[in-house]
Amino acid sequence: MIAEIIGRLTRRFTGSARRAVVASMDEAHSRGRDSVGDEDLLLGVLASDRGVYRIAEDLGFGAVDVREELERMFADSLRTIGIDYEEVKQGAGGSVRFSGAGNRRIAFSPLAKRALEESLEVALELRENEIRAEHVLLGALRLRNGRAARALENLGVDIEELKRRLEAREG
């Protein structure tokens, strides 16, 4: 059923949305992850769409800020169970990669799938027939329990202003 929904969605994707999804897969793979999360969708849109990146810059954040915040959030999560991320990182020679997808196909997490479903809802609410990159990001931002929205909130980004600017953007 999920494959059918995703198939229906991707038929509506513009080139910018497709590039964003591919970039999100690359982002997840580069971090050694075996699935794309909603935070990877955020990073994929920032990496693939210059117009969205300019909006982000205007609001005071970029991909590097998001990656650093996601790493901090991960370290905080580990700290709650008594693991010192900095110690782990030092023991690994300064960088931590998860054993991940390798050459396998990367899957989409339940939150990323939901974000993609929401991107269709966003496009339809904006009376558009196609899903663009900004719709993918708007879909991810609708997931208040997602890492993308939480990372931006932690960075002090005015999410409502970001949404307004993304919705006002013309394809």
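Coordinate-derived values only; no laboratory data. Quantities reported herein were computed from a predicted structural model and do not represent experimental measurements. Cβ coordinates were reconstructed from backbone atoms using ideal geometry, including for glycine residues, and neighbour counts include every protein chain displayed.
What the Cβ-Cβ distance of Tyr53 and Ile81 gives, at R0 = 25 Å and to the nearest 0.05, is a FRET efficiency of 0.10.
For Ile131, list long-range residues whose amide hydrogen, built 1.01 Å from N in the peptide plane, is under 5 Å from its own amide hydrogen. Here Phe13, Thr14 satisfy the definition. Gain on full extension, evaluated as 0.36 nm per residue between Glu167 and Asn154 minus their Cα-Cα distance, stands at 2.5 nm.
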